[in-house]
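The values are calculated or read from the model by the stated rules, or taken from the named source; none is laboratory data. All values reported here derive from a predicted model rather than from experimental measurement. Cβ coordinates were reconstructed from backbone atoms using ideal geometry, including for glycine residues, and neighbour counts include every protein chain displayed. Side chains are part of the model used for accessible areas, which takes the heavy atoms of the whole protein and leaves out ligands, DNA and RNA. Shrake-Rupley method; radii C 1.70, N 1.55, O 1.52, S 1.80 Å.
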Amino acid sequence: MLVAADKFKGSLTAVEVAERVTAGLRRVLPDLEVEALPVADGGDGTVAAAVAAGFERREVRVAGPLGDEVTAAFALREGTAVVEMAEASGLQRLPAGVFAPLTASTYGSGELLRAALDAGARTIVFGVGGSATTDGGAGMLSALGARFLDAAGEPVPPGGGGLAELATADLSGLDPRLAEIELVLASDVDNPLTGPKGAPAVYGPQKGASPEDVAALDSALAHFAKVLQAPAGPKAAEYAASPGAGAAGGIGYGALLLGARFRPGIEVMLDVLGFAPALDRADLVITGEGSLDEQTLHGKAPAGVAAAARAADKDVVAVCGRLALPPQTLGRAGFRRAYPLTDAEPDVAKCIAEAGPILERVAERIAKDFLT
Ligand SMILES: O=C(O)[C@H](O)CO
């Protein structure tokens, strides 16, 4: 039995989901062998999943999205670092109720990457998603040595809004170690930088951007990519249209400029976490996340787990807080069945407040349905 689920956002971490599911299964089958492999898609929870899989946790003081110092972690094992941008620049780093769509910066994510280089990483898996920022990765690039100046030769203000004032970009001071390592962009989405499917239009509103902010950010990011053609050549424009450039407010674009290779985050993480050998040992896989919905099918962790398990001819069931997919759609995505918490407890508020014990009851039910 393999439990490979993501977090239930706002209620349970991926590690807690695995613990609760295991406890519920073992109440029915005390001797059941259960392997727990918490998973993540590159967004928040990615470092925690790597640490649960045996990576060492390293903490660093870096700038948060508003410039204040925060303690952020990356994970390291045998020359491979897992760096999660949300640790430094995620929505979780903003005070409750505060958004800064125009000014939030990814500078701290660049500091985290630098810390991973300092620690000797030869491969960096850069997990992106869950960001508070829409700055095209300008802050991150600045922390790594790039310079972005206005017409008066002064650094542009932090955040995507400030890029409207950009006159010259200088990439010559970028940390030379970046050219010697493998950088993998592990992204939760494949949007381009700008346009109707770009970072500001699709993900700006969840960071507090008004329609006017979205328009301003879209034009500032397009301008950013144009100015970058001077130091970076035509690839600055090509990358803007590439899949993943629009991830995490366009930090994907900045990462591509650094030579990163784009891969869907869940695929990268399943490799990094050692999912394939764990799957070999399992007969049934339990995956899941807080809300199982249309977004799940577009590259989120449970869909990646289900696809990999189905390819290996293993049964997969899902647990979730909320289920918004019909059985046929679940079947097509490779799930035998999904078990929302609301099956065990109809009161949604209780499902959120007492997710752990309710998940244990759901897992008991799975044990009875599939294992007895
Ligand atoms: O951070 C974001 O903008 C979203 O998670 C998409 O990457």
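Here is a check on your reading of the model: is A237 more than 26 Å from D271 (Cβ to Cβ), within 16 Å of the ligand (Cβ to nearest atom) and not in a loop (DSSP other than H, G, I, E, B)? Considered against the rule, which asks whether it is more than 26 Å from D271 (Cβ to Cβ), within 16 Å of the ligand (Cβ to nearest atom) and not in a loop (DSSP other than H, G, I, E, B), A237 comes out as no. Filtering segment 186-218 to residues that are modelled with pLDDT of 95 or more and of a type in the set (V, I, T) leaves T194, V202, V214. Candidates in segment 18-59 are the residues that are of a type in the set (V, I, T) and within 19 Å of the chain's Cα centre (by Cα); of these, the one that is nearest to T287 (Cα to Cα) is V39. Residues of segment 113-133 that are within 18 Å of Q206 (Cβ to Cβ) and open to solvent by 10 Å² or more (accessible area, probe 1.4 Å): G130 alone.
Return yes or no: is G136 crowded, with 23+ Cβ neighbours inside 10 Å, assigned to a loop (DSSP other than H, G, I, E, B) and within 12 Å of the ligand (Cβ to nearest atom)? For G136, the condition - crowded, with 23+ Cβ neighbours inside 10 Å, assigned to a loop (DSSP other than H, G, I, E, B) and within 12 Å of the ligand (Cβ to nearest atom) - is met. Criterion applied to D313, D293 was being open to solvent by 10 Å² or more (accessible area, probe 1.4 Å) and touching a residue at least 24 places away in the same chain (Cβ under 8 Å), and the one residue passing it is D293. Just one residue in the set A104, A119 is within 21 Å of the chain's Cα centre (by Cα) and among the aliphatic types (A, V, I, L, M); that residue is A104. Any residue at all in segment 182-195 that is on the phi < 0 side of the Ramachandran plot, open to solvent by less than 20 Å² (accessible area, probe 1.4 Å) and away from the ligand (no atom under 16 Å from the Cβ)? Taking every residue of segment 182-195 in turn, at least one turns out to be on the phi < 0 side of the Ramachandran plot, open to solvent by less than 20 Å² (accessible area, probe 1.4 Å) and away from the ligand (no atom under 16 Å from the Cβ). When A349 is tested against (1) of a type in the set (A, V, I, L, M, F, W, C); (2) modelled with pLDDT of 95 or more; (3) assigned to a helix (DSSP H, G or I), only condition (2) is not met.
Residues in segment 194-213 that are in contact with a strand residue (DSSP E or B) (Cβ under 8 Å, 6 or more places away or on another chain) and small (G, A, S): none. Scanning segment 352-369 for residues that are open to solvent by 30 Å² or more (accessible area, probe 1.4 Å), part of a helix (DSSP H, G or I) and farther than 23 Å from K300 by Cβ gives A353, P357, R361, E364, R365, K368, D369. When segment 142-175 is examined, which residues are found to be under 13 Å from S105 (Cβ atoms) and either of a type in the set (K, R) or assigned to a helix (DSSP H, G or I) (or both)? Those that are under 13 Å from S105 (Cβ atoms) and either of a type in the set (K, R) or assigned to a helix (DSSP H, G or I) (or both): S142, A143, G160, G161, G162, L163. Selection over segment 202-222 of residues that are buried (at least 17 other Cβ atoms within 10 Å of the Cβ) and away from the ligand (no atom under 11 Å from the Cβ) gives a count of 9. Residues that are closer than 16 Å to L256 by Cα and among the aliphatic types (A, V, I, L, M) occur in segment 191-211; there is at least one.
Condition test on F262, is it in a strand (DSSP E or B) and not acidic (D, E)? Here the answer is yes, as F262 does meet what is asked. Candidates V319, V285: the one that is touching a Lys or Arg at 6+ places or on another chain (Cβ under 6 Å), in contact (Cβ under 8 Å) with a residue 60 or more places away in the chain and open to solvent by less than 40 Å² (accessible area, probe 1.4 Å) is V285. Output yes when any residue across segment 242-255 is more than 16 Å from the ligand (Cβ to nearest atom) and either part of a loop (DSSP other than H, G, I, E, B) or more than 30 Å from T342 (Cβ to Cβ) (or both), and no when none is. No, segment 242-255 contains no residue that is more than 16 Å from the ligand (Cβ to nearest atom) and either part of a loop (DSSP other than H, G, I, E, B) or more than 30 Å from T342 (Cβ to Cβ) (or both).
Residues of segment 305-329 that are β-branched (V, I, T) and either touching an Asp or Glu at 6+ places or on another chain (Cβ under 7 Å) or assigned to a helix (DSSP H, G or I) (or both): V305, T329.
Comparison of G145, G139, G129 shows that the only residue that is out of contact with any helix residue (DSSP H, G or I) (no Cβ under 8 Å at 6 or more places or on another chain) and either touching a residue at least 24 places away in the same chain (Cβ under 8 Å) or not acidic (D, E) (or both) is G145.
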